[in-house]
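Below: the structure, in C-alpha cells.
The values are calculated or read from the model by the stated rules, or taken from the named source; none is laboratory data. Fair warning: this is a prediction, and the values are worked out from it, not measured in the lab. Note that we place each Cβ from the backbone using ideal geometry, even for glycine, and neighbour counts take in every protein chain shown. What goes into the accessible areas is simple: the full protein's heavy atoms, side chains included, and nothing from ligands, DNA or RNA. Shrake-Rupley method; radii C 1.70, N 1.55, O 1.52, S 1.80 Å.
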Number of protein chains: 2
Amino acid sequence: MGSLGSSEEGLVADGVAADALADYQHPVSVEKFRKLGYEVVDMICEYMSSAKQRHVMPDVQPGFLRPQLPASAPQQPEPWQDIKKDFYDKIMRGVLHWQSPHFFAWFGGNTSGPSILAEMLIASLNMIGFSWQSSPVSTELEMVMMDWLGKLCGLPDKFITAASSSADQTTSDAANGSSSNGTAAAAAAKPGGGVIQGTSSEAVLVAMLAGRARALDGQPPEAALKLVAYGSDQAHMCFKKAAMVCGLQHTRLLKASAEHDYALDPKTLQEAIAADLAQGLIPFYACATIGTTSSCAVDPVGELGRVCQQHGVWLHVDAAWAGSASILPEQRHWFSGLEHVDSLSFSVHKWLLVNFDCAAMWLADTTWLKEALSMTPIYLRFTGNVHDYKDWQIPLGRRFRSLKLWFVMRMYGAEKLQGMVRHHIALGQWFAQQVEADGRFEIPVPPRFGLTCFRLKGADNATNRQLMEAVNAQGVIFIIPTELSGQLTIRFAVGNANTQLEHVQRGWTIIKEQADKLLAGSISSSSSEGAAGAEQQQQQQE
Amino acid sequence: MGSLGSSEEGLVADGVAADALADYQHPVSVEKFRKLGYEVVDMICEYMSSAKQRHVMPDVQPGFLRPQLPASAPQQPEPWQDIKKDFYDKIMRGVLHWQSPHFFAWFGGNTSGPSILAEMLIASLNMIGFSWQSSPVSTELEMVMMDWLGKLCGLPDKFITAASSSADQTTSDAANGSSSNGTAAAAAAKPGGGVIQGTSSEAVLVAMLAGRARALDGQPPEAALKLVAYGSDQAHMCFKKAAMVCGLQHTRLLKASAEHDYALDPKTLQEAIAADLAQGLIPFYACATIGTTSSCAVDPVGELGRVCQQHGVWLHVDAAWAGSASILPEQRHWFSGLEHVDSLSFSVHKWLLVNFDCAAMWLADTTWLKEALSMTPIYLRFTGNVHDYKDWQIPLGRRFRSLKLWFVMRMYGAEKLQGMVRHHIALGQWFAQQVEADGRFEIPVPPRFGLTCFRLKGADNATNRQLMEAVNAQGVIFIIPTELSGQLTIRFAVGNANTQLEHVQRGWTIIKEQADKLLAGSISSSSSEGAAGAEQQQQQQE
C-alpha cells in the first residue's frame, strides 16, 4: 500500500501542537481593507475621469513586463504603497484602454459604475453558485434577470422563463410593452429559459452540444461521424472552434456573398443540407449571425429557421455585438424571425455596460442542453422551479453575474440604456456620412450597429493597411482591419460608453490627414502582408 | 435581396439629426460613483466583520425571490437607496455564506481583501484579453504569476515558462528555494507553461482535448470512436462531463478500493489499458486526482504517469482542492511524481484567498493544446514570446485574473499563505482527533488536507443522514455527505479563511449534541433516501 500513499501511522495524527491551533491573523484587517478600499475607489475615479482623454494603445513590446518583476513571490507581505506604485509604473503602462472613447477596434467592452459596484459585492460574497442549493439567490436572480433582459429585447415568449403568477405577467406587459403576450399559464408550461454564460463562444458551443444530443438520441456510435454543422464563412471563429471541440468531421462554412451584403442566403443552406442528406450525412446544427464581426452582416434568421426546422437542425443565433441593439424598437426588424430559432446569445459585456464577463443566452427548450451537460440522470432531475445552472454550461462553478445586470438595469433604467445604444448608432451614421462624402473612400457594405467598413477607393490591400497603420501610429485612436471578398477593409466601430461626437470627429480627422499624407506619397510605400494579415487579425475578434 | 435585410435606401442614411449626436450623459457620474463606492466598501467591511458570527444556510425555499421582484426592468433610473434596501431585504436573505467560518461543506471558496481590491481594478479597466495585442499586460502578468505560483508549489521545471534571463533565474533560485534549478537557457527551450482557466472543470476538459489532438494526429476519422479515457470512480464529475463534451464512446471509471484508501492502483490502470488495447481501442487520456472531493484520496501520480507514458496516454492531475497544500513543504510528498504527468490544475479560488474564478493550470508541452484550440494554422503562430491565451482555453474573451494573484501573493507573502493552509490542516487534525476519541464514531479514511470523513459506527445510512440533517437544522454550521463503498459518510471540511479553533469546536459540539439526541431516540427515525441521495449531492461538488 506504500505506493498509494496511505499514512503509515494510524489514521489520525497523534496530537496537534497548541501553537498550530492558535488563531490565524490575516495581514489585511477589516479596517485596513476599508482604507485601501476607499483608496482604490479613488484610483478608479481618477481612471474614469482621465479615460476620456486617454489614448488607446500602450507603447510596449512582447516581453516588456517580466524583466521588471521579481522571479518569485515575496516571502513576507509587501506594503500597499509599493504595490500601488508598481501598479501605475508597470501595469498601467501595458494596458490597452478598452474604456477609452477613442477605442474603435473589434467591438467595445464597456464597464460602468453600477457594474463595478456589483462586482465589488460579488467578489465579497464569493458564492460559487453551481446549484440552487449552493447559492439560492444567485440562481433565482439570474432567472429573473434573464427574463427582464429578454423582455427588454422583445424576445418571443418561448425564451422567457415562466412567470410565477398571472399578476406578474400583467405587470410585465403593461410596464414594458414587450412581446410577452402569452398567458402565465402557457408560459409556465414551457421548458425555455435564459442563462448567463461567460462568453458568446461558450453559448455557441453549448448550443452545438444540445443539438448533438438531440440528433444522436437513439443513434449508433458511428452516427457521430456523420454529423454536419453549418455556418456562413462570415461566422465568428468560435463556431469553428466549437466544431473542433465537438470533434466534428463535417463543418460547412457556406459562402455569404457581397451581393447579399455578406448575409447567408437560406437557399445556400437549403442546398447544402440537401447535398449532405443525399450523401447519407446528418445535418444537425446551424449557427446564424446577427451582426457579424467582420461587417455587421445580418443573416435572415427567420427564413434560416424555417429551413432548419424542416430538417430537424438546431439553429443558434449568435448576436454577440448586435444583440444589445434589440433593446431599440427601431432596430428590432433585424431580429425578426427569432420564433423559428432554438437558441440565441449575445455578449451583454460588450455594449450594455455590464463588465466582462456576462453573455446572455436563451433557449426555447432546455431539455437537450441538460441532456448534454447534466450528470444527473433525467429521471432524477427536479422538474419544479429548481435550476441547477451547472447543467446549462461547461464549467461547474459560476459567479453571481446576475447582480451586475440587476444593478445596471436599475441604476440606468431601460430608457437610458436605449439612449446610449441609439447615440452610438447615430455617431456611426455620422462617421459613415463623412466617409461617403469624401470621394477618395468607398463603403462596401451598409454601415450598421455603429460599425462602418471603408477603404481607399481603387487602392490595393497594402495601401489600405498602410493607411490603417499610419492612423494607429498617431497614438490616439485604435482601429483594426478585416477582409471582405479578398479586399482589406478598415473597420471603425463606435460603441464605447465614453465616446461622444468629438471623439468620432477626432478619429475622422486623423484618418483624413493620414489619407492626405499617404496619397501625397509622404508615407513611404511598404511591402505589407496585406489581406492575409488582415484576416489573421480579424479572426482574433470576439 | 429583401429577405436578406439589405437596406433599401442608399448604404448610408441621409442625415443624422443633431439631437441624436448630442453628448450622452450617464446617470451615475464619477463623483456619484465615488460616494457609492465608499458606501459599498463600508457594506463589504460590515459583511466581513459580521461573517465571523454568521450562520451558513439561508432560510429560503425554491421560488422565493421572483414574487418579490417586478416582472420587468424599470424604465427610469432607480435611486441607490432603494437598490441598497432591496439588496439587504431580498438578496442577502438568500445568500449561502461561503465566507462564514462555519462553512464546512464541499470545499471552501475563499475571498480576501487584496483579491477584492484587485477585482475592483479588473472591473474598471475591463480589458478583454483574448490575445497579447488586446491586452498586453494581462497576458504578460499571467505568464509571470503562473511561474510565481508554480515555484511556490514546487512544481517541476518543465511547467515553468522560460525565465527571460539568467539573472532572473538566479534571483528566483536564491529567493525562493524552489525546485527551479534548471538553467535559464534550458528553460527557454521548453514549450511548457501556465494558464489561468475559469475552473478546474475546464482544465480537465482542455487537457482531454489536447490529449485527443495528440492521439488522433494522422489517424482516420473512425479512430475517434476508439478513444478511451480513464479516471477512478472517485474522480470528480467534471471528468465524465469532459468525456461527454468530447463525445467519447469509451470512458472507464476504474475501481478505487477502500483497501487503497480510495486511491487508484496503477495496476488497475495498467490492466485496463492492456484490455482496451487488446480490443483494438485507443487509450489516450487519464485523469488522476490529488485530493478527491469525496474523501481527499491521493492517486499515486508518479506511478500512474509511468504507466501512461508507456502507452502514450496523456495524464492530467486534478488537484482542485489539495493543490493549494503543495505550497507547504511538509505536504509536498503527496505531489511527488509530477515530473511524469502532462498537465495539472488546481482551483486557486478554493483555498488560496483569490476569489472565484481563478483555476491554475500548467502543461509540460502546450503544442497539442494549441493544436486543439487554436484557429491559427501552426505555421502562422508566433514562436516568440507572444502568448495568445485564447488558444489555451474554450472561451475567447478572458478577464485580467492574474492581477488577483499578484495582489494576494504580495499582500500576504508566501509565509502568511503557508501559515493559513497549515492552520486549516491542523484544525482538521484536531477535529479528527475528537471524532476518533468518541467511541460512537468511525473514520473510514485517513483525514487529509483539512477534510475528515466520519460516520456513526454500526449505524445505517438513514441514521447517518439523519444526524447530518439534524446538525444542519441547528442553523449554524453546514456539512454535506458523501458515499464510500455504499456507506453514507459525513464530510467535515475545514478551509474557510475565517475559521478558527472556536468555530471547529462549535461544530464538534453541535455534532456531539445531535448524536446524543439521535442515539437517545429523541429525533424521530425517518425513511431517508440514504446513500442514493448522498451520491447525488456529492456529485454536485466542485
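Annotations
- In the context of the full set of protein chains, segment A:417-539 has a per residue accessible area of 33 Å² (1.4 Å probe).
- Summed buried accessible area for B+A [probe radius 1.4 Å, Å², rounded to 100]: 17900
- For A:V307, neighbours were defined as the other residues whose beta-carbon sits under 11 Å from its Cβ, and their charges (Lys and Arg +1, Asp and Glu -1) total -1.
- Between the beta carbons of A:Q25 and B:Y88, assuming R0 = 25 Å, the FRET efficiency works out to 0.30 to the nearest 0.05.
- Peptide B:355-362, shielding by other chains (average Cβ, 10 Å cutoff): 3
- With a 10 Å cut-off around each Cβ of A:216-223, the average count of Cβ atoms from other chains is 1.
- For segment B:417-539, alpha-carbon Rg relative to the globular expectation (2.2 N^0.38 Å, N residues): 1.02
- Each DSSP beta bridge with both residues in chain A is either parallel or antiparallel, and the antiparallel ones are about 55%.
- Simple rule: put +1 on each Lys or Arg Cβ and -1 on each Asp or Glu Cβ in the protein assembly as shown, find the dipole, and look at A:L427, B:C308, A:M48; the Cα lying farthest toward the positive end is A:M48.
- For B:I480, nonlocal amide neighbours, meaning residues 5 or more places apart or on other chains whose placed amide H falls under 5 Å from its own, are B:W106, B:R491.
- When the charge dipole of the protein assembly as shown is built from unit charges on Cβ atoms (+1 for Lys and Arg, -1 for Asp and Glu) and taken about the Cα centre, the candidate among B:V95, B:Q25, B:H260 whose Cα reaches farthest toward its positive end is B:Q25.
- Legend: calculated FRET efficiency, B:L277 to B:T367, from the Cβ-Cβ distance at R0 = 25 Å, rounded to 0.05, equals 0.50.
- Counting from the shortest, the label point at B:G15, 7 Å from Cα toward Cβ, is 9.3 nm from the same position in each remaining copy.
- Integer Hz, Karplus 6.51/-1.76/1.60 couplings in order for segment B:326-342, x for Gly and Pro: 6, 6, 9, x, 6, 9, 5, 4, 5, 9, 5, x, 5, 5, 9, 10, 8
- Checking the Cα-Cα distances for A:K240/B:K390; A:K32/A:K404; A:K241/B:K390; A:K350/A:K370 against a 18 Å cut-off, the pairs over it are A:K32/A:K404; A:K350/A:K370.
- Per-residue Karplus couplings for segment A:299-312, computed as 6.51 cos²θ - 1.76 cosθ + 1.60 with θ equal to phi - 60°, are listed in order as 6, x, 5, x, 5, 4, x, 5, 4, 5, 4, 4, 10, x Hz, Gly and Pro entered as x.
- Averaged over the residues of B:256-263, the number of partner chain Cβ atoms lying within 10 Å of the residue Cβ comes to 3.
- Looking at segment A:191-387, the DSSP beta bridges with both ends there are about 40 percent antiparallel.
- Structural descriptor for chain A: relative contact order 19 percent, calculated from alpha carbon pairs under 8 angstrom and at least 6 residues apart.
- In the frame of its principal axes, the protein assembly as shown has Cα extents of 91, 70, 66 Å, reported largest first.
- Peptides B:400-410, A:412-422 ordered by packing proxy, namely the average of other Cβ atoms within 10 Å per residue, highest first: B:400-410, A:412-422.
- Distances between placed amide hydrogens fall under 5 Å for A:Y285 paired with A:V228, A:Y230, A:W314, all partners being 5 or more residues away or on another chain.
- Its alpha carbons give chain B an Rg and a Dmax of 25.9, 87 Å.
- Most to least packed among A:246-253, B:451-458, B:297-304 [average Cβ atoms within 10 Å]: B:297-304, B:451-458, A:246-253
- Modelled FRET efficiency - R0 22 Å, A:A223 with A:L253, Cβ distances, 0.05 increments: 0.45
- MRE, 222 nm, helices only [DSSP H, n ≥ 4, -39500 (n - 2.57), over chain A, to nearest 500]: -12500 deg cm²/dmol
- For segment A:401-416, a drop of 10 Å² or more in accessible area on going from the chain alone to the assembled protein chains (1.4 Å probe) is found at A:L403, A:W406, A:F407, A:M409, A:R410, A:M411, A:Y412, A:G413, A:A414, A:E415, A:K416.
- In segment A:22-41, the residues that give up 40 Å² or more of accessible area when the other protein chains are added, compared with the chain on its own (1.4 Å probe), are A:D23, A:Y24, A:H26, A:P27, A:V28, A:V30, A:F33, A:R34, A:Y38, A:V40, A:V41.
- Ligands, DNA and RNA left out, the 1.4 Å accessible surface of chain A is 50% carbon and sulfur atoms.
- Estimated distance in nm for a label pair at B:H333 and A:E469, the labels positioned 7 Å out from Cα along Cα-to-Cβ: 6.0
- In nanometers and ordered shortest first, the copy-to-copy spacing of the A:K32 label point, defined 7 Å from Cα toward Cβ, is 3.5.
- Other copies of B:M92: label-to-label distances in nm, shortest first, labels 7 Å along the beta-carbon direction: 3.4
- Sorted on the mean count of surrounding Cβ atoms within 10 Å across their residues, most packed first, peptides A:431-438, A:273-280 read A:431-438, A:273-280.
- Charged-residue dipole, Cβ positions (Lys, Arg, Asp, Glu), chain B about Cα centre, Debye nearest 20: 800
- Taking all protein chains into account, the per residue accessible area for segment B:30-97 stands at 46 Å² (1.4 Å probe).
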